1. Any residue that is more than 25 Å from Pro33 (Cβ to Cβ), open to solvent by 40 Å² or more (accessible area, probe 1.4 Å) and modelled with pLDDT of 85 or more - is there at least one of those in the range 283-293?
2. I'm told Val46 meets every condition in (1) within 26 Å of Arg98 (Cβ to Cβ); (2) part of a helix (DSSP H, G or I); (3) in contact (Cβ under 8 Å) with a residue 60 or more places away in the chain except one. Can you identify the failing condition by its number?
3. Within the bounds of the range 92-113, is there any residue that is in a loop (DSSP other than H, G, I, E, B) and either under 16 Å from the mean Cα position of the chain (by Cα) or without any contact (Cβ under 8 Å) to a residue 12 or more places away in the chain (or both)?
4. Quick one: which of Asp145, Asp154, Asp122 is open to solvent by 20 Å² or more (accessible area, probe 1.4 Å) and over 21 Å from Pro34 (Cβ atoms)?
5. Which one of Leu32, Leu37, Leu85 is part of a loop (DSSP other than H, G, I, E, B), open to solvent by less than 60 Å² (accessible area, probe 1.4 Å) and modelled with pLDDT of 85 or more?
Amino acid sequence: VLTRSGKAPLTRIVPSEKIAQQARTRLIDGALPPAILPALRREAAVARARRGGVSTWWTSSEQLAAAAGAPASASATECALAMLLHHASGGDLEVSRRVVGAEWWVQHRSLSAPKGFHFDVDQEQQRRGGALRSPALSSILYLTDAGGPTLILDQVATICSWSGHVLLSPPEPAEADVIHPLANRFVLFRAACLHGCLPPLGAGCGVEGAEAAEQPKRTTLLVNWWIGERPAPPSCAEAPPSLLDEMRRASAPHYAEAFAAGGGAWKWDEAVARPLDVSDVGTGEACQQVCLEVPLPAGEGPNGRA
């Protein structure tokens, strides 16, 4: 039973033999070479500090290919995105070629700060009153072990043809996938699904002030994979050369040492790269499908990204 803040049970785990066939998630542990993680964390701090009025950053497929071809001159983040694309496509080059780029951003949250439930969409198009448009896939790379689990619900957004309001289908969630943070864990999921982050279950929940500041942070690199047309600027802006240069400088010692230790190449277990399969879903402690027993907290709407 999953509990929160000592309150009544929030969820009931569905036995594996009763899990629905339509999977929402694909979980990959050890997604990147472990040696690259310290450099990624340093670059994540820079990217988060430089966000300003930009919601997300954009790295094109051409930039991803350049990073894969010349990793020594790329940032750790660009190299990581190239490797994560390999996982997202299941190693299929034809699938990779359809991806026009990666929309990415960093979240660095205190343990007591949940993330409201939302959809990943083209925020600029949504802001202008256009139709909801989601990426082909959404994904999360956990850079730390801290924090509460991610919940991916079985609800998707629809637009009422009469009122134009966003509606949830089904109106009430029946199932969800629960993914607990673990450094170098990568989860892919259907971008149209409502999702968010719960507070940690137990220690760290409700802590405030100086004590909260001393706690480890929940740090994630979030990546949306787009096919066809990229999300519109200025909400999603191309990562400027000045930002990438600053990121490289911040991670240079760690990146160079780790890259040299790998013999001048990034190596990881390609056997773990598998495409999202509608007939398969992760089970066990890391990724659990659950049946919801009580309503979840109110979300932030379709474009809530903090």
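1. no
2. That leaves (1) as the condition not met.
3. Within the range 92-113, the first condition is being in a loop (DSSP other than H, G, I, E, B), and the residues that meet it are 92, 110-113.
Remaining after also requiring either under 16 Å from the mean Cα position of the chain (by Cα) or without any contact (Cβ under 8 Å) to a residue 12 or more places away in the chain (or both): none.
Within the range 92-113, not a single residue is in a loop (DSSP other than H, G, I, E, B) and either under 16 Å from the mean Cα position of the chain (by Cα) or without any contact (Cβ under 8 Å) to a residue 12 or more places away in the chain (or both).
4. Working: Asp145 fails: over 21 Å from Pro34 (Cβ atoms); Asp122 fails: open to solvent by 20 Å² or more (accessible area, probe 1.4 Å).
Checking each option against the conditions leaves just Asp154.
5. Working: Leu37 fails: part of a loop (DSSP other than H, G, I, E, B); Leu85 fails: part of a loop (DSSP other than H, G, I, E, B).
Only one candidate passes the filter, namely Leu32.
Every residue, every condition in (1) among the acidic types (Asp, Glu); (2) under 30 Å from Arg42 (Cβ atoms); (3) free of Cβ contacts under 8 Å to residues at least 40 places away in the same chain, yes or no:
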position	(1), (2), (3)
Ser134	no, no, no
Thr144	no, yes, no
Ala157	no, no, no
Pro170	no, no, yes
Pro173	no, no, no
Asp177	yes, no, no
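Table: residues versus (1) more than 15 Å from Phe119 (Cβ to Cβ); (2) over 12 Å from the mean Cα position of the chain (by Cα).
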| position | (1), (2) |
| --- | --- |
| Leu153 | no, yes |
| Ala157 | no, yes |
| Gly164 | yes, yes |
| Val178 | yes, yes |
| Pro181 | yes, no |
| Phe189 | no, no |
| Cys193 | no, yes |
| Gly196 | no, no |
| Pro200 | yes, yes |
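The values are calculated or read from the model by the stated rules, or taken from the named source; none is laboratory data. Model, not experiment: these values are computed from the prediction. Counting neighbours? That spans all protein chains shown, and the Cβs are built from the backbone with ideal geometry, glycine included. For the accessible areas, the whole protein counts, side chains as well, though only heavy atoms, and no ligand, DNA or RNA atoms are used. Shrake-Rupley method; radii C 1.70, N 1.55, O 1.52, S 1.80 Å.
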